[in-house]
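Since every read-out is calculated from the coordinates, none of them should be taken as a lab result. This is a predicted model, so every value here is computed, not measured. Glycine gets a Cβ as well: all are built from the backbone with ideal geometry, and neighbour counts include every protein chain shown.
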Amino acid sequence: MEKTPFQVGMVNPEKGFVHVLDDVALDTLMRELDTVHDFTTYLSDKEDFVLSGKLGYAAGEEEILGFYLSGSNKDRQPGFYSEDSDIVAVDEGLYDYIRSLPQYRRGKEVDANSYFIDRFIEHFGRHAQDKTWHFCNAEDFDSVTLGIREFASESRIGRRILADAIHEKVRSLKPDQRGVRLLFSPTTPETMYVWLVVPVSESFKSYQEYRDYRAGLLIAYCKSAKLLKPERDIVVGVATDPPGNDGSSEDMVYIDTRQWSEEDYAEAHKVREEFGFFKENSVKETRGTSFQYPIEENKKDQRVKREKYKKRKAERKRKNNARRKGRRRK
């Protein structure tokens, strides 16, 4: 009987790829890729990279991770990028070198705000596990956690984008002002989120009456969001008190519109017409770009850019004046 040496990779095609990680490597991966999306994407991309035959040698799992992270730039996410004919050799020290770069450290700094989403997931998850919801119309645990799972499926940079947008909106509100923000998932193209802040006013006879009103308002916003962005099938809504409010609470709504009937769409149109939520002419859509590892420009770079801008502006003004004088001569 022929002996088979210890192997990693595609040992048995019927059972899939085998990843073997020691304690140090696993801790490094879980610390660096600390969302389900980031961790599983790395493993999947690594499988493709190894099976492609392009990995000739690697000093260790940390160095493979370093090579993966080094592929990130302003135009692409981390990945195993190489020329078609290249055989990649990953030497010792690459991961430590990546961690020493200023853009890496800056990325970790701006990631700090993203853990707001992690805390939010854990908060709702505890209530789901302990069955301490104030009210829930879901029949089982899987149904209860559908909205939480959408947030949990976001990548680290996706959570950063969501958290920054939520905090920006909340900070812009006055204590007695209602506010809402519609957020498109940076990770999942079919998902969007509605984040609603509703102040508690003296017009409510009780806190329960306020919560009932807030929940109804949240559902109305979520249904209206579907009409604004029909290509997004999943709508997850969250409603809260203003920050710092005593006895604060949260509501969550999960709507899967793939099962909507004509009656559901008709109801959504009725709601949007009645309240005017998320109508095309009343929504300002803002797009931006976030980098995994942003480069923070120093003051000298910023000054040079300002000077170049002023020169271009002065040159455009000079040309415009010259054209106007030319027209007057004619």
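So for the pair TYR57, MET30, with labels modelled 7 Å out along Cα→Cβ, what separation do we get in nm? Calculated label separation equals 3.2 nm.
For the range 226-284, what is the charge dipole size about the Cα centre, in debye to the nearest 20, if Lys and Arg each add +1 at the Cβ and Asp and Glu each add -1 at the Cβ?
Working: 8 positive and 14 negative charges, 71 e Å.
Dipole of the range 226-284, to the nearest 20 debye: 340 debye.
Computed 3J(HN,Hα) for the range 185-191, one whole-Hz value per residue from the Karplus formula 6.51 cos²θ - 1.76 cosθ + 1.60 where θ = phi - 60°, is 4, x, 9, 10, x, 8, 10, glycine and proline marked x. Residues of the range 41-57 with an amide N closer than 16 Å to a point placed 7 Å from the Cα of ASP84 along the Cα-to-Cβ direction: 52-54.
Couplings 3J(HN,Hα) of the range 77-85, computed from phi: 7, x, x, 9, 9, 7, 5, 4, 8 Hz, in residue order, whole Hz [Karplus 6.51 cos²θ - 1.76 cosθ + 1.60, θ = phi - 60°; x for Gly and Pro]. Summarising the label geometry, the points placed 7 Å from Cα in the beta-carbon direction at SER249 and ASP164 lie 3.4 nm from one another. Considering only SER261, ALA239, LEU33, the residue lying farthest towards the positive end of the dipole of the chain is ALA239, judged by Cα position with unit charges set on Cβ. Between the range 222-253 and the range 254-273, how far is it from one alpha carbon centroid to the other, in angstrom? Here the answer is 16 Å between Cα centres.
Quick check on my link table: of LYS54/LYS74; LYS205/LYS226; LYS15/LYS46; LYS229/LYS270; LYS169/LYS279; LYS74/LYS284, which ones sit more than 21 Å apart, alpha carbon to alpha carbon? The pairs that break the limit, which is 21 Å between Cα atoms, are LYS54/LYS74; LYS205/LYS226; LYS74/LYS284.
Viscosity 0.692 mPa s, temperature 37 °C: what is the translational diffusion coefficient of the range 9-100 from Stokes-Einstein with a Kirkwood Rh over Cα pairs, rounded to a whole number of µm²/s?
Working: Rh = 13.8 Å.
The diffusion coefficient I find is 238 µm²/s.
The relative contact order of the chain comes to 13 percent, based on Cα pairs under 8 Å that sit 6 or more residues apart.
Give me the dipole magnitude in Debye, nearest 20, for the range 115-282 about the Cα centre, with unit charges on the beta carbon: positive for Lys and Arg, negative for Asp and Glu. Could you put the intermediate results ahead of the total?
Working: 23 positive and 29 negative charges, 127 e Å.
The dipole of the range 115-282 has a size of about 620 debye.
For MET10, nonlocal amide neighbours, meaning residues 5 or more places apart or on other chains whose placed amide H falls under 5 Å from its own, are VAL18.
What FRET efficiency would be calculated for the residue pair ASP23, LYS108, taking the C-beta separation as r and a Förster radius of 22 Å, to the nearest 0.05? Can you show the working numbers first?
Numbers: r = 23 Å, r/R0 = 1.03.
That pair, ASP23 with LYS108, gives E of 0.45.
For the chain, the Cβ-based charge dipole about the Cα centre amounts to some 4620 debye (Lys, Arg positive; Asp, Glu negative; other atoms uncharged). Mean residue ellipticity at 222 nm, helices only, the chain: -16000 deg cm²/dmol; runs of at least 4 DSSP H residues each add -39,500 (n - 2.57), and the sum is divided by the number of residues. Approximating the spin labels as points 7 Å out from Cα along Cα→Cβ, the HIS123-to-SER143 distance works out to 2.6 nm.
Report the gain in length on full extension from ASP130 to ARG99: 0.36 nm times residue separation, minus Cα-Cα distance, nm rounded to one decimal. Present the calculation step by step, with values, prior to reporting the outcome.
On the way: separation 31, 0.36 × 31 = 11.16 nm, distance 3.94 nm.
Contour length minus the Cα-Cα distance gives 7.2 nm.
In what sequence, highest mean first, do 263-269, 286-292 appear when ranked by Cβ atoms within 10 angstrom?
Descending mean neighbour count gives 263-269, 286-292.
Remark: relative contact order (the range 9-100) = 26 percent; criterion is Cα-Cα distance under 8 angstrom and separation of 6 or more residues.
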